[in-house]
Amino acid sequence: MERMDKFNYYLDIAETVLERGTCLRRNYGAIIVRNDSIISTGYTGAPRGRKNCCDIGTCRRCELNIPRGERYELCRSVHAEANAIINASRSEMIGSTLYLVGRDMETGKLVSDASSCAMCKRMIINAGIERVVVRNTKTDYIITLVSDWIKNDDSLDDSLLGY
């Protein structure tokens, strides 16, 4: 019997967490792990007390045909990474790893090229998280060092401004 590696072990847990997600487009699950202990979990969903898209039966971004990665301010949900960060203390997150898994709700397939949005990247940096592991397939994943996001500051790229 071959033992599952730790990355896929934690990604499987994050994939289970995404099952609580309430988005009609894509659900994500995130867990933050430090020293082989799960510190926090988070999934995509509306802020506490507000109705979720699955409850109201519609997604504003879907209605407006907004492409993936754009106009997140119109989304009702708090992202999985943000929810995981909100539910943990910074002192516990310093040097940790965030595991992230996404699933397209229409197809049921894993999101193979998932990445954190600009706002989540900022929160991950400030939380002191050291790396992000994103699942592409059931066994393949990408590891990103958060220090690379700091060095390659895409917020300084004028081409992203749209003019």
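The values are calculated or read from the model by the stated rules, or taken from the named source; none is laboratory data. Remember, it's a predicted structure, so these values are computed and weren't measured experimentally. Positions of Cβ are generated from backbone atoms using ideal geometry, with glycine treated the same way; all protein chains shown enter the neighbour counts. Only protein heavy atoms, including side chains, enter the accessible area calculation; ligands, DNA and RNA are left aside. Shrake-Rupley method; radii C 1.70, N 1.55, O 1.52, S 1.80 Å.
Looking only at residues in region 124-140 that are outside any loop (DSSP other than H, G, I, E, B), within 30 Å of Glu2 (Cα to Cα) and not β-branched (Val, Ile, Thr), the one that is least open to solvent (accessible area, probe 1.4 Å) is Arg135. Can we say Asp113 is within 20 Å of Asp154 (Cβ to Cβ), modelled with pLDDT under 95 and loosely packed, with under 13 Cβ neighbours inside 10 Å? Judged against the criteria, Asp113 is a match. Residues in region 46-63 that are of a type outside the set (Lys, Arg), part of a loop (DSSP other than H, G, I, E, B) and open to solvent by 80 Å² or more (accessible area, probe 1.4 Å): 1 in all. Of all residues in region 10-45, those being touching a Phe, Trp or Tyr at 6+ places or on another chain (Cβ under 9 Å), assigned to a strand (DSSP E or B), more than 16 Å from Ile94 (Cα to Cα) and free of Cβ contacts under 8 Å to residues at least 60 places away in the same chain number 2. Residue-level analysis places Ile85 outside the set of residues that are surrounded by fewer than 18 Cβ atoms within 10 Å (Cβ to Cβ) and of a type outside the set (Asp, Glu).
Could you tell me which residue of region 14-37 is farthest from the chain's Cα centre (by Cα), considering only residues that are of a type outside the set (Gly, Ala, Ser), within 15 Å of Val133 (Cβ to Cβ) and buried (at least 17 other Cβ atoms within 10 Å of the Cβ)? Per the criteria, the residue is Arg34. From the list Gly95, Gly102, the lone residue that is crowded, with 16+ Cβ neighbours inside 10 Å, touching a Lys or Arg at 6+ places or on another chain (Cβ under 7 Å) and not in a helix (DSSP H, G or I) is Gly102. Here Lys121 does not qualify as more than 23 Å from Pro47 (Cβ to Cβ) and either open to solvent by 60 Å² or more (accessible area, probe 1.4 Å) or assigned to a helix (DSSP H, G or I) (or both).
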